[in-house]
Amino acid sequence: MNLPDLNQAKIRTKQKIEVRNATNIKSDLFVGKKYFIRTYGCQMNVHDSEEIKRILENLGFRETLELENTDLVVLNTCAIRENAHDKVFGFLGRLKHLKKEKKELIICIGGCMPQEENVANILKDKYPFVDIVFGTHNIDDLGKMILNLNHQQQIEVYSIEGRVYENMDYIRDSKYTAWVNIMYGCDKFCTYCIVPYTRGRQRSRKIENILKEVNTLKEQGYKEITLLGQNVNAYGKDLEENYDFATLLETVAKTKIDRIRFVTSHPWDFTDEMINVIEKYQNIMPYIHLPLQSGSTRILKLMGRRYTKEEYIQLYYKIKAKIPGVSITTDIIVGFPNETEEDFKETLEVVNECKFDGAFTFIYSPREGTPASKIKDTIPIEVKENRLHKLNEIINSYSLAHNQEYIGKTEDVLVLGQSEKGKDKVYGYTKTMKLVNIDGAVKDIGKIILVRITDAKSFSLDGQKEIFVQN
Ligand code: 5AD
Ligand code: SF4
(Lines give C-alpha, C1' and ligand atoms only; values in the text may rest on other atoms or scores of the structure.)
(Ligands and ions follow the chains in the order given, each with its own letter.)
Protein backbone atom coordinates (compact mmCIF):
# COMPACT_ATOMS: atom_id res chain seq x y z
CA MET A 1 0.00 0.00 0.00
CA ASN A 2 1.23 3.49 -0.83
CA LEU A 3 2.30 5.99 1.74
CA PRO A 4 -0.43 8.40 2.78
CA ASP A 5 -0.79 11.73 1.12
CA LEU A 6 0.60 13.87 3.91
CA ASN A 7 -1.48 16.83 2.82
CA GLN A 8 -4.50 14.74 3.59
CA ALA A 9 -3.32 12.76 6.56
CA LYS A 10 -3.34 14.70 9.81
CA ILE A 11 0.16 14.38 11.19
CA ARG A 12 -0.24 13.32 14.76
CA THR A 13 1.94 14.12 17.69
CA LYS A 14 2.17 11.78 20.64
CA GLN A 15 -0.22 13.10 23.19
CA LYS A 16 -0.23 12.86 26.92
CA ILE A 17 -2.92 10.41 27.82
CA GLU A 18 -4.81 10.87 31.06
CA VAL A 19 -5.73 7.50 32.54
CA ARG A 20 -8.88 7.74 34.62
CA ASN A 21 -10.28 5.07 36.88
CA ALA A 22 -14.00 4.52 36.73
CA THR A 23 -15.78 6.64 39.31
CA ASN A 24 -17.84 4.35 41.39
CA ILE A 25 -20.44 6.42 43.26
CA LYS A 26 -22.66 4.18 45.35
CA SER A 27 -25.91 5.30 46.93
CA ASP A 28 -29.22 3.75 47.98
CA LEU A 29 -31.18 6.90 47.14
CA PHE A 30 -32.95 5.30 44.20
CA VAL A 31 -33.53 1.78 45.52
CA GLY A 32 -36.86 0.54 44.16
CA LYS A 33 -36.70 2.92 41.18
CA LYS A 34 -36.41 1.83 37.57
CA TYR A 35 -34.45 2.96 34.52
CA PHE A 36 -35.11 2.55 30.82
CA ILE A 37 -32.20 2.87 28.41
CA ARG A 38 -32.26 3.14 24.63
CA THR A 39 -29.03 2.86 22.68
CA TYR A 40 -28.60 4.18 19.15
CA GLY A 41 -25.68 3.60 16.80
CA CYS A 42 -22.53 1.52 16.86
CA GLN A 43 -21.02 -1.13 19.14
CA MET A 44 -19.09 1.58 20.95
CA ASN A 45 -22.38 3.04 22.13
CA VAL A 46 -23.69 -0.41 23.03
CA HIS A 47 -20.62 -0.91 25.21
CA ASP A 48 -20.91 2.60 26.72
CA SER A 49 -24.48 1.71 27.72
CA GLU A 50 -23.06 -1.21 29.71
CA GLU A 51 -21.13 1.40 31.72
CA ILE A 52 -24.21 3.61 32.08
CA LYS A 53 -26.16 0.63 33.42
CA ARG A 54 -23.54 0.03 36.10
CA ILE A 55 -23.61 3.70 37.12
CA LEU A 56 -27.41 3.60 37.47
CA GLU A 57 -27.47 0.28 39.31
CA ASN A 58 -24.89 1.64 41.76
CA LEU A 59 -27.45 4.32 42.66
CA GLY A 60 -30.13 1.70 43.32
CA PHE A 61 -31.97 1.75 39.96
CA ARG A 62 -32.94 -1.50 38.22
CA GLU A 63 -33.63 -1.88 34.50
CA THR A 64 -37.12 -2.00 33.02
CA LEU A 65 -38.00 -2.57 29.39
CA GLU A 66 -41.34 -0.77 29.81
CA LEU A 67 -41.15 2.95 29.21
CA GLU A 68 -44.47 3.57 30.96
CA ASN A 69 -43.14 2.11 34.23
CA THR A 70 -39.82 3.86 34.41
CA ASP A 71 -38.51 6.59 36.75
CA LEU A 72 -35.51 7.51 34.61
CA VAL A 73 -34.78 7.37 30.88
CA VAL A 74 -31.36 7.47 29.24
CA LEU A 75 -31.00 7.95 25.49
CA ASN A 76 -27.47 7.04 24.45
CA THR A 77 -27.36 8.80 21.10
CA CYS A 78 -25.57 8.52 17.75
CA ALA A 79 -24.57 11.33 15.39
CA ILE A 80 -23.26 9.43 12.40
CA ARG A 81 -26.21 10.14 10.10
CA GLU A 82 -29.08 12.61 10.16
CA ASN A 83 -31.70 9.87 10.61
CA ALA A 84 -30.08 8.94 13.94
CA HIS A 85 -30.81 12.52 15.06
CA ASP A 86 -34.37 12.35 13.78
CA LYS A 87 -35.03 9.21 15.78
CA VAL A 88 -33.82 10.83 18.99
CA PHE A 89 -35.79 14.04 18.51
CA GLY A 90 -38.86 11.93 17.63
CA PHE A 91 -38.48 9.94 20.83
CA LEU A 92 -38.03 13.15 22.83
CA GLY A 93 -41.51 14.19 21.65
CA ARG A 94 -42.90 11.04 23.24
CA LEU A 95 -40.95 11.65 26.43
CA LYS A 96 -42.33 15.19 26.67
CA HIS A 97 -45.86 13.74 26.89
CA LEU A 98 -44.79 11.14 29.38
CA LYS A 99 -43.23 13.77 31.59
CA LYS A 100 -46.49 15.76 31.61
CA GLU A 101 -48.17 12.75 33.19
CA LYS A 102 -45.25 11.89 35.45
CA LYS A 103 -43.51 15.06 36.61
CA GLU A 104 -40.76 13.28 38.55
CA LEU A 105 -39.51 11.34 35.47
CA ILE A 106 -35.77 11.98 34.99
CA ILE A 107 -34.67 12.32 31.35
CA CYS A 108 -30.99 12.01 30.42
CA ILE A 109 -29.36 12.39 27.00
CA GLY A 110 -25.83 11.16 26.44
CA GLY A 111 -23.51 9.85 23.74
CA CYS A 112 -22.42 11.41 20.48
CA MET A 113 -25.20 13.94 19.75
CA PRO A 114 -24.42 16.27 22.67
CA GLN A 115 -20.79 16.37 21.45
CA GLU A 116 -21.96 18.20 18.32
CA GLU A 117 -21.68 21.95 18.48
CA ASN A 118 -25.34 22.81 18.09
CA VAL A 119 -27.10 19.97 19.78
CA ALA A 120 -26.42 20.97 23.39
CA ASN A 121 -27.82 24.44 22.58
CA ILE A 122 -30.90 22.97 20.91
CA LEU A 123 -31.52 20.80 23.97
CA LYS A 124 -31.14 23.86 26.18
CA ASP A 125 -33.48 26.08 24.17
CA LYS A 126 -36.09 23.68 22.86
CA TYR A 127 -36.10 20.72 25.22
CA PRO A 128 -36.03 22.18 28.74
CA PHE A 129 -37.76 19.05 30.08
CA VAL A 130 -34.52 17.10 29.51
CA ASP A 131 -32.86 17.00 32.94
CA ILE A 132 -29.32 15.84 32.18
CA VAL A 133 -27.09 16.15 29.12
CA PHE A 134 -23.67 14.47 29.09
CA GLY A 135 -21.17 13.55 26.37
CA THR A 136 -18.86 10.74 25.34
CA HIS A 137 -15.90 12.07 27.36
CA ASN A 138 -17.68 12.23 30.72
CA ILE A 139 -20.09 9.30 30.95
CA ASP A 140 -18.70 8.73 34.42
CA ASP A 141 -20.19 12.09 35.56
CA LEU A 142 -23.72 10.73 35.15
CA GLY A 143 -24.00 9.36 38.70
CA LYS A 144 -22.89 12.67 40.20
CA MET A 145 -25.30 14.61 37.96
CA ILE A 146 -28.26 12.46 39.00
CA LEU A 147 -27.44 12.95 42.67
CA ASN A 148 -27.20 16.74 42.07
CA LEU A 149 -30.62 17.04 40.37
CA ASN A 150 -32.41 20.24 41.34
CA HIS A 151 -35.15 20.90 38.75
CA GLN A 152 -32.69 22.70 36.50
CA GLN A 153 -31.30 21.29 33.31
CA GLN A 154 -27.68 20.22 33.79
CA ILE A 155 -25.49 20.18 30.70
CA GLU A 156 -21.96 18.88 31.08
CA VAL A 157 -20.24 18.12 27.80
CA TYR A 158 -16.49 18.27 27.42
CA SER A 159 -14.33 18.41 24.39
CA ILE A 160 -11.47 17.02 26.49
CA GLU A 161 -9.47 14.53 24.57
CA GLY A 162 -6.64 12.37 25.74
CA ARG A 163 -8.57 10.39 28.31
CA VAL A 164 -8.71 6.61 28.58
CA TYR A 165 -10.55 4.69 31.22
CA GLU A 166 -9.27 1.76 33.26
CA ASN A 167 -10.73 -0.55 35.89
CA MET A 168 -14.19 -0.08 34.50
CA ASP A 169 -17.14 -1.91 35.87
CA TYR A 170 -19.94 -2.85 33.48
CA ILE A 171 -23.33 -4.52 33.54
CA ARG A 172 -22.57 -6.59 30.49
CA ASP A 173 -25.46 -7.55 28.21
CA SER A 174 -24.19 -11.11 27.82
CA LYS A 175 -22.54 -13.64 30.10
CA TYR A 176 -20.77 -15.31 27.18
CA THR A 177 -19.54 -12.61 24.84
CA ALA A 178 -17.97 -9.31 25.90
CA TRP A 179 -16.77 -6.06 24.34
CA VAL A 180 -13.25 -5.00 25.23
CA ASN A 181 -12.42 -1.41 24.40
CA ILE A 182 -8.84 -1.26 23.11
CA MET A 183 -8.87 2.36 22.02
CA TYR A 184 -10.99 5.47 22.03
CA GLY A 185 -11.58 7.97 19.22
CA CYS A 186 -10.22 8.01 15.68
CA ASP A 187 -7.45 9.81 13.83
CA LYS A 188 -8.45 9.04 10.27
CA PHE A 189 -10.64 12.09 9.62
CA CYS A 190 -12.47 10.58 6.66
CA THR A 191 -14.08 13.65 5.15
CA TYR A 192 -17.69 12.51 5.64
CA CYS A 193 -17.32 11.25 9.20
CA ILE A 194 -18.17 12.98 12.44
CA VAL A 195 -16.56 10.41 14.75
CA PRO A 196 -13.17 12.16 15.20
CA TYR A 197 -15.13 15.22 16.39
CA THR A 198 -17.63 13.44 18.69
CA ARG A 199 -15.19 10.90 20.11
CA GLY A 200 -11.91 12.77 19.80
CA ARG A 201 -8.45 11.78 18.62
CA GLN A 202 -7.20 8.23 18.92
CA ARG A 203 -6.16 7.07 22.40
CA SER A 204 -5.04 3.46 22.89
CA ARG A 205 -5.17 1.52 26.14
CA LYS A 206 -1.99 -0.21 27.22
CA ILE A 207 -1.60 -3.88 26.31
CA GLU A 208 -1.12 -4.93 29.94
CA ASN A 209 -4.45 -3.36 30.96
CA ILE A 210 -6.31 -4.93 28.03
CA LEU A 211 -4.73 -8.27 28.87
CA LYS A 212 -5.84 -8.00 32.49
CA GLU A 213 -9.42 -7.37 31.37
CA VAL A 214 -9.39 -10.32 28.96
CA ASN A 215 -7.97 -12.66 31.62
CA THR A 216 -10.67 -11.58 34.07
CA LEU A 217 -13.37 -12.19 31.46
CA LYS A 218 -11.92 -15.62 30.76
CA GLU A 219 -11.96 -16.47 34.47
CA GLN A 220 -15.57 -15.33 34.61
CA GLY A 221 -16.42 -17.88 31.90
CA TYR A 222 -16.70 -15.60 28.86
CA LYS A 223 -16.27 -17.55 25.64
CA GLU A 224 -15.81 -14.71 23.18
CA ILE A 225 -14.39 -11.22 23.28
CA THR A 226 -14.56 -8.48 20.69
CA LEU A 227 -11.68 -6.01 20.64
CA LEU A 228 -13.39 -2.72 20.05
CA GLY A 229 -12.24 0.51 18.44
CA GLN A 230 -13.17 2.83 15.55
CA ASN A 231 -10.02 1.75 13.74
CA VAL A 232 -8.44 -1.17 15.59
CA ASN A 233 -5.64 -1.64 13.07
CA ALA A 234 -4.18 1.71 14.11
CA TYR A 235 -4.00 0.48 17.71
CA GLY A 236 -0.86 1.69 19.52
CA LYS A 237 0.18 4.35 17.02
CA ASP A 238 -0.46 7.01 19.65
CA LEU A 239 1.45 5.26 22.44
CA GLU A 240 5.04 5.79 23.55
CA GLU A 241 5.53 2.02 23.61
CA ASN A 242 6.18 0.20 20.38
CA TYR A 243 2.82 -1.57 20.35
CA ASP A 244 0.77 -2.42 17.31
CA PHE A 245 -2.42 -4.33 16.65
CA ALA A 246 -0.62 -7.51 15.53
CA THR A 247 1.25 -7.65 18.87
CA LEU A 248 -1.95 -7.00 20.80
CA LEU A 249 -3.86 -9.68 18.87
CA GLU A 250 -1.12 -12.23 19.45
CA THR A 251 -0.89 -11.38 23.16
CA VAL A 252 -4.64 -11.74 23.58
CA ALA A 253 -4.74 -14.98 21.55
CA LYS A 254 -2.18 -16.49 23.93
CA THR A 255 -4.66 -16.16 26.82
CA LYS A 256 -6.40 -19.09 25.08
CA ILE A 257 -9.83 -17.53 25.49
CA ASP A 258 -12.08 -19.51 23.11
CA ARG A 259 -12.90 -16.80 20.58
CA ILE A 260 -11.51 -13.39 19.66
CA ARG A 261 -12.82 -10.98 17.05
CA PHE A 262 -12.26 -7.30 16.39
CA VAL A 263 -14.10 -4.33 14.88
CA THR A 264 -13.61 -2.10 12.94
CA SER A 265 -10.70 -2.38 10.54
CA HIS A 266 -9.40 0.31 8.23
CA PRO A 267 -7.80 -1.14 5.07
CA TRP A 268 -4.97 1.39 5.12
CA ASP A 269 -3.68 0.21 8.52
CA PHE A 270 -4.08 -3.54 7.81
CA THR A 271 -0.60 -5.11 7.79
CA ASP A 272 0.77 -8.48 6.71
CA GLU A 273 1.73 -9.16 10.34
CA MET A 274 -1.92 -8.84 11.36
CA ILE A 275 -2.96 -11.30 8.67
CA ASN A 276 -0.22 -13.73 9.79
CA VAL A 277 -1.36 -13.58 13.42
CA ILE A 278 -5.00 -14.18 12.47
CA GLU A 279 -3.91 -17.19 10.43
CA LYS A 280 -1.67 -18.56 13.19
CA TYR A 281 -4.15 -18.65 16.08
CA GLN A 282 -7.22 -20.88 15.97
CA ASN A 283 -9.00 -18.76 18.56
CA ILE A 284 -8.93 -15.63 16.38
CA MET A 285 -12.15 -15.80 14.42
CA PRO A 286 -11.86 -15.85 10.63
CA TYR A 287 -14.15 -12.88 10.33
CA ILE A 288 -13.11 -9.41 9.20
CA HIS A 289 -15.24 -6.33 8.81
CA LEU A 290 -13.37 -4.28 6.24
CA PRO A 291 -15.21 -1.09 5.23
CA LEU A 292 -14.85 -0.30 1.52
CA GLN A 293 -17.03 2.87 1.54
CA SER A 294 -16.73 3.29 -2.24
CA GLY A 295 -15.31 1.36 -5.17
CA SER A 296 -14.34 4.51 -7.06
CA THR A 297 -10.78 5.69 -6.51
CA ARG A 298 -11.92 9.24 -7.31
CA ILE A 299 -14.54 9.14 -4.54
CA LEU A 300 -12.18 7.34 -2.14
CA LYS A 301 -9.74 10.20 -2.55
CA LEU A 302 -12.47 12.75 -1.87
CA MET A 303 -13.42 10.69 1.18
CA GLY A 304 -9.81 10.79 2.42
CA ARG A 305 -9.70 7.01 2.66
CA ARG A 306 -6.03 6.70 1.58
CA TYR A 307 -6.42 3.61 -0.63
CA THR A 308 -7.42 3.01 -4.22
CA LYS A 309 -9.94 0.56 -5.57
CA GLU A 310 -7.08 -1.71 -6.70
CA GLU A 311 -5.32 -1.58 -3.33
CA TYR A 312 -8.52 -2.59 -1.55
CA ILE A 313 -9.03 -5.56 -3.90
CA GLN A 314 -5.37 -6.56 -3.47
CA LEU A 315 -5.73 -6.55 0.32
CA TYR A 316 -8.99 -8.48 0.04
CA TYR A 317 -7.30 -11.26 -1.96
CA LYS A 318 -4.31 -11.33 0.37
CA ILE A 319 -6.62 -11.94 3.33
CA LYS A 320 -8.68 -14.53 1.44
CA ALA A 321 -5.56 -16.42 0.35
CA LYS A 322 -4.01 -16.54 3.83
CA ILE A 323 -7.04 -17.23 6.02
CA PRO A 324 -9.04 -20.24 4.90
CA GLY A 325 -12.82 -19.86 5.06
CA VAL A 326 -12.57 -16.22 6.15
CA SER A 327 -15.76 -14.22 6.00
CA ILE A 328 -15.41 -10.60 4.97
CA THR A 329 -18.10 -8.00 5.45
CA THR A 330 -18.05 -4.31 4.60
CA ASP A 331 -19.62 -0.85 4.86
CA ILE A 332 -20.55 1.10 1.73
CA ILE A 333 -21.79 4.66 1.35
CA VAL A 334 -23.71 5.57 -1.81
CA GLY A 335 -24.42 9.11 -2.95
CA PHE A 336 -21.28 10.82 -1.70
CA PRO A 337 -21.48 14.40 -3.11
CA ASN A 338 -21.42 14.29 -6.90
CA GLU A 339 -20.94 10.53 -7.11
CA THR A 340 -21.50 9.80 -10.80
CA GLU A 341 -23.13 6.78 -12.39
CA GLU A 342 -19.59 5.72 -13.39
CA ASP A 343 -18.38 5.99 -9.76
CA PHE A 344 -21.32 3.92 -8.60
CA LYS A 345 -20.64 1.34 -11.32
CA GLU A 346 -17.12 0.98 -9.91
CA THR A 347 -18.56 0.29 -6.47
CA LEU A 348 -20.72 -2.46 -7.99
CA GLU A 349 -17.63 -3.81 -9.75
CA VAL A 350 -15.78 -4.15 -6.45
CA VAL A 351 -18.83 -5.78 -4.85
CA ASN A 352 -19.06 -8.23 -7.75
CA GLU A 353 -15.34 -8.94 -7.44
CA CYS A 354 -15.22 -9.36 -3.66
CA LYS A 355 -18.65 -10.97 -3.23
CA PHE A 356 -18.86 -9.87 0.40
CA ASP A 357 -20.47 -12.09 2.99
CA GLY A 358 -22.54 -9.10 4.05
CA ALA A 359 -22.56 -5.32 4.06
CA PHE A 360 -23.98 -2.36 5.88
CA THR A 361 -25.01 0.14 3.23
CA PHE A 362 -25.87 3.78 3.72
CA ILE A 363 -26.93 6.84 1.81
CA TYR A 364 -24.42 9.62 2.45
CA SER A 365 -25.62 12.03 5.09
CA PRO A 366 -23.90 15.42 5.38
CA ARG A 367 -22.61 16.08 8.91
CA GLU A 368 -22.07 19.65 9.94
CA GLY A 369 -18.43 20.53 10.50
CA THR A 370 -17.04 17.75 8.31
CA PRO A 371 -15.14 18.70 5.12
CA ALA A 372 -17.50 16.74 2.83
CA SER A 373 -20.52 18.68 4.09
CA LYS A 374 -19.11 21.77 2.39
CA ILE A 375 -19.17 20.18 -1.07
CA LYS A 376 -22.17 21.28 -3.11
CA ASP A 377 -24.05 18.16 -4.11
CA THR A 378 -26.09 17.89 -7.29
CA ILE A 379 -27.29 14.31 -7.11
CA PRO A 380 -31.05 14.02 -6.38
CA ILE A 381 -32.06 11.88 -3.41
CA GLU A 382 -34.16 9.56 -5.67
CA VAL A 383 -31.00 8.67 -7.60
CA LYS A 384 -29.22 7.87 -4.33
CA GLU A 385 -32.14 5.74 -3.14
CA ASN A 386 -32.15 3.79 -6.40
CA ARG A 387 -28.42 3.16 -6.08
CA LEU A 388 -28.85 1.93 -2.52
CA HIS A 389 -31.66 -0.39 -3.59
CA LYS A 390 -29.65 -1.83 -6.47
CA LEU A 391 -26.58 -2.29 -4.26
CA ASN A 392 -28.59 -4.03 -1.53
CA GLU A 393 -30.07 -6.50 -4.01
CA ILE A 394 -26.61 -7.52 -5.18
CA ILE A 395 -25.20 -7.67 -1.65
CA ASN A 396 -28.11 -9.84 -0.48
CA SER A 397 -27.66 -12.26 -3.36
CA TYR A 398 -24.02 -12.80 -2.36
CA SER A 399 -24.95 -13.17 1.32
CA LEU A 400 -27.41 -15.89 0.36
CA ALA A 401 -24.90 -17.61 -1.90
CA HIS A 402 -22.28 -17.64 0.89
CA ASN A 403 -24.82 -18.93 3.39
CA GLN A 404 -25.88 -21.71 1.02
CA GLU A 405 -22.28 -22.96 0.93
CA TYR A 406 -22.72 -23.87 4.62
CA ILE A 407 -25.61 -26.32 4.00
CA GLY A 408 -24.58 -29.84 5.00
CA LYS A 409 -21.47 -28.65 6.86
CA THR A 410 -20.88 -29.00 10.59
CA GLU A 411 -19.86 -25.77 12.32
CA ASP A 412 -18.76 -24.67 15.78
CA VAL A 413 -21.50 -22.43 17.13
CA LEU A 414 -21.45 -20.35 20.30
CA VAL A 415 -25.02 -20.56 21.58
CA LEU A 416 -26.14 -17.23 22.98
CA GLY A 417 -29.82 -17.52 23.85
CA GLN A 418 -33.39 -18.45 23.07
CA SER A 419 -34.34 -17.76 19.45
CA GLU A 420 -37.35 -15.67 18.47
CA LYS A 421 -38.05 -18.33 15.84
CA GLY A 422 -39.63 -20.84 18.24
CA LYS A 423 -39.81 -22.17 21.80
CA ASP A 424 -37.38 -25.04 21.28
CA LYS A 425 -34.95 -23.02 19.18
CA VAL A 426 -31.82 -21.21 20.26
CA TYR A 427 -29.51 -18.94 18.30
CA GLY A 428 -25.78 -18.59 18.10
CA TYR A 429 -22.92 -17.60 15.82
CA THR A 430 -20.38 -19.57 13.81
CA LYS A 431 -16.69 -18.59 13.92
CA THR A 432 -17.40 -16.57 10.78
CA MET A 433 -20.23 -14.65 12.53
CA LYS A 434 -23.08 -16.33 10.71
CA LEU A 435 -26.27 -16.29 12.72
CA VAL A 436 -27.67 -19.82 13.18
CA ASN A 437 -31.09 -20.81 14.54
CA ILE A 438 -30.70 -24.23 16.10
CA ASP A 439 -33.11 -26.98 17.08
CA GLY A 440 -32.70 -28.95 20.26
CA ALA A 441 -29.97 -27.14 22.14
CA VAL A 442 -31.77 -25.16 24.85
CA LYS A 443 -29.51 -26.53 27.59
CA ASP A 444 -26.44 -25.55 25.58
CA ILE A 445 -26.82 -21.77 25.95
CA GLY A 446 -23.36 -20.40 26.73
CA LYS A 447 -21.54 -23.35 25.15
CA ILE A 448 -19.74 -23.85 21.86
CA ILE A 449 -21.39 -26.85 20.19
CA LEU A 450 -21.24 -28.60 16.84
CA VAL A 451 -24.18 -27.78 14.61
CA ARG A 452 -25.12 -29.36 11.28
CA ILE A 453 -26.38 -26.64 8.94
CA THR A 454 -29.65 -27.66 7.28
CA ASP A 455 -30.86 -24.52 5.50
CA ALA A 456 -29.75 -21.00 4.52
CA LYS A 457 -31.40 -17.62 4.09
CA SER A 458 -29.83 -14.24 3.24
CA PHE A 459 -29.34 -13.25 6.87
CA SER A 460 -29.30 -16.54 8.81
CA LEU A 461 -28.73 -20.27 8.77
CA ASP A 462 -30.82 -23.09 10.24
CA GLY A 463 -29.17 -26.01 11.97
CA GLN A 464 -29.44 -28.98 14.25
CA LYS A 465 -27.24 -29.90 17.14
CA GLU A 466 -24.87 -32.66 16.05
CA ILE A 467 -25.41 -35.70 18.22
CA PHE A 468 -22.57 -38.19 18.43
CA VAL A 469 -23.48 -41.80 19.01
CA GLN A 470 -20.75 -43.61 20.92
CA ASN A 471 -20.00 -47.19 19.90
N1 5AD B 1 -23.11 9.33 5.91
C2 5AD B 1 -23.39 8.03 5.66
N3 5AD B 1 -22.74 7.01 6.21
C4 5AD B 1 -21.73 7.29 7.05
N5 5AD B 1 -20.88 6.49 7.74
C6 5AD B 1 -20.04 7.28 8.44
N7 5AD B 1 -20.33 8.58 8.24
C8 5AD B 1 -21.37 8.61 7.36
C9 5AD B 1 -22.10 9.65 6.75
N10 5AD B 1 -21.82 10.93 6.98
C11 5AD B 1 -20.90 5.04 7.63
C12 5AD B 1 -19.55 4.49 7.14
C13 5AD B 1 -18.98 3.87 8.39
C14 5AD B 1 -20.22 3.42 9.11
C15 5AD B 1 -20.04 3.14 10.56
O16 5AD B 1 -21.12 4.48 8.91
O17 5AD B 1 -19.81 3.50 6.18
O18 5AD B 1 -18.09 2.80 8.11
FE1 SF4 C 1 -15.05 7.68 10.75
FE2 SF4 C 1 -14.15 5.15 10.54
FE3 SF4 C 1 -13.09 7.11 8.99
FE4 SF4 C 1 -12.58 7.04 11.65
S5 SF4 C 1 -11.95 5.49 10.08
S6 SF4 C 1 -13.12 8.83 10.45
S7 SF4 C 1 -14.56 6.30 12.45
S8 SF4 C 1 -15.22 6.28 8.94
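The values are calculated or read from the model by the stated rules, or taken from the named source; none is laboratory data. The structure presented is a predicted model; accordingly, all values stated were derived computationally and were not measured. In this analysis, Cβ positions are derived from the backbone assuming ideal geometry, glycine residues included, and neighbour counts consider all displayed protein chains.
Which count do you get for residues in the stretch 330-350 that are closer than 24 Å to Lys431 by Cβ and buried (at least 20 other Cβ atoms within 10 Å of the Cβ)?
Of the residues in the stretch 330-350, 1 are closer than 24 Å to Lys431 by Cβ and buried (at least 20 other Cβ atoms within 10 Å of the Cβ).
What number of residues in the stretch 287-301 are buried (at least 20 other Cβ atoms within 10 Å of the Cβ) and farther than 16 Å from Phe360 by Cβ?
Here the count works out to 3.
Of all residues in the stretch 277-309 being within 16 Å of ligand 1 (Cβ to nearest atom) and under 18 Å from the mean Cα position of the chain (by Cα), which is farthest from Ile319 (Cα to Cα)?
Gln293
So Phe360 ticks every box in (1) away from ligand 2 (no atom under 16 Å from the Cβ); (2) of a type in the set (Phe, Trp, Tyr); (3) surrounded by fewer than 16 Cβ atoms within 10 Å (Cβ to Cβ) but one. Which box is left unticked?
Unmet condition: (1).
Would you be able to say whether some residue in the stretch 166-179 is in the same structural domain as Gly369 (by TED's automatic domain parsing), within 16 Å of ligand 2 (Cβ to nearest atom) and aromatic (Phe, Trp, Tyr)?
Scanning the stretch 166-179 turns up no residue that is in the same structural domain as Gly369 (by TED's automatic domain parsing), within 16 Å of ligand 2 (Cβ to nearest atom) and aromatic (Phe, Trp, Tyr).
For the stretch 338-393, how many residues meet the condition of being touching an Asp or Glu at 6+ places or on another chain (Cβ under 9 Å), within 13 Å of ligand 1 (Cβ to nearest atom), part of a loop (DSSP other than H, G, I, E, B) and not charged (D, E, K, R)?
The qualifying residues number 4.
Residues that are on the phi > 0 side of the Ramachandran plot and among the aromatic types (Phe, Trp, Tyr), at least 3 per element: which helices (runs of 4 or more DSSP H) completely within the stretch 166-274 meet that?
none
Anything in the stretch 88-116 that is touching a residue at least 40 places away in the same chain (Cβ under 8 Å), part of a helix (DSSP H, G or I) and more than 15 Å from ligand 1 (Cβ to nearest atom)? List them, or say none.
Scanning the stretch 88-116 gives Val88, Phe91, Pro114.
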